[in-house]
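The values are calculated or read from the model by the stated rules, or taken from the named source; none is laboratory data. Just so we're clear, the structure is a prediction, and the values are computed from it rather than from any experiment. Neighbour counts run over all protein chains shown; Cβ positions are idealised from the backbone, glycine included.
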Amino acid sequence: MKAVIKYIFTPSAGLFLITATSASVAPEQLGASEIKQLFSGNTVHSLHLIRDHETTLYYNPDGRFYGISDDSIHQGKWEVRGDATICLILESGTSRCRPIMKENDTYFKFKIKDNGEVKKLIEYKTFIPGNPKNYDYVD
């Protein structure tokens with residue numbers, strides 16, 4: 001990320017004002033191996049950008065995920081497919097496969113609409129190694 005620094009001289013006050021802004025970096029879609037490395041064996045805290053709710057899930061390397069979202073238990077299976085999408089398969093059989101992108105230093109799950117528009121769905125806040133909350137699959 002590049003920082004853009006601007007110097008502004010104000011003659012009336014005889015001062016220089018310094019402002020710094022970060023130049024935006026174009027979003028970059030992650031490959032399958034990058035997605036596996038990012039999620040496998042980690043507890044991930046995220047924010048659903050449309051529904052405005054938070055979720056914390058542990059992505060077990062054995063292909064199961066479990067955790068909570070708005071005090072509800074969420075569990076099922078996860079996998080990364082060759083087309084570089086992460087898929088969550090709920091116990092109900094519902095599945096969603098979406099690409100992951102990195103924009104500046106933030107990761108997002110996004111949907112590519114039929115018209116080609118990219119829509120951010122999930123912002124990933126933290127990736128914590130292991131399962132510190134001791135989430136476990138509930139039978």
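Structural remarks
- For the stretch 70-87, filtered to residues that are free of Cβ contacts under 8 Å to residues at least 40 places away in the same chain and under 15 Å from residue 138 (Cα atoms), the residue that is surrounded by the most Cβ atoms within 10 Å (Cβ to Cβ) is 76.
- Matching residues in the stretch 54-67 - criterion: being more than 16 Å from residue 37 (Cα to Cα) and touching an Asp or Glu at 6+ places or on another chain (Cβ under 9 Å): 54, 55, 66
- If only residues of the stretch 15-55 that are modelled with pLDDT under 90 and assigned to a strand (DSSP E or B) are counted, the one that is nearest to residue 128 (Cα to Cα) is 22.
- Among residues of the stretch 56-72, those that are in a strand (DSSP E or B) and within 19 Å of residue 128 (Cα to Cα), counted: 10
Results for (1) among the hydroxyl-bearing types (Ser, Thr, Tyr); (2) within 16 Å of residue 45 (Cβ to Cβ); (3) at pLDDT 95 or above, shown as yes or no for each residue.
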{"site": "65", "(1), (2), (3)": "no, yes, yes"}
{"site": "70", "(1), (2), (3)": "no, yes, no"}
{"site": "75", "(1), (2), (3)": "no, no, no"}
{"site": "99", "(1), (2), (3)": "no, no, yes"}
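- Candidates in the stretch 100-136 are the residues that are among the acidic types (Asp, Glu) and touching a residue at least 12 places away in the same chain (Cβ under 8 Å); of these, the one that is nearest to residue 55 (Cα to Cα) is 123.
Listed here are the residues, each with its yes/no results for (1) modelled with pLDDT of 95 or more; (2) surrounded by fewer than 16 Cβ atoms within 10 Å (Cβ to Cβ).
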{"position": "89", "(1), (2)": "yes, no"}
{"position": "96", "(1), (2)": "no, yes"}
{"position": "104", "(1), (2)": "no, yes"}
{"position": "116", "(1), (2)": "no, yes"}
{"position": "125", "(1), (2)": "yes, yes"}
{"position": "128", "(1), (2)": "yes, yes"}
{"position": "131", "(1), (2)": "yes, no"}
{"position": "135", "(1), (2)": "no, no"}
{"position": "138", "(1), (2)": "no, yes"}
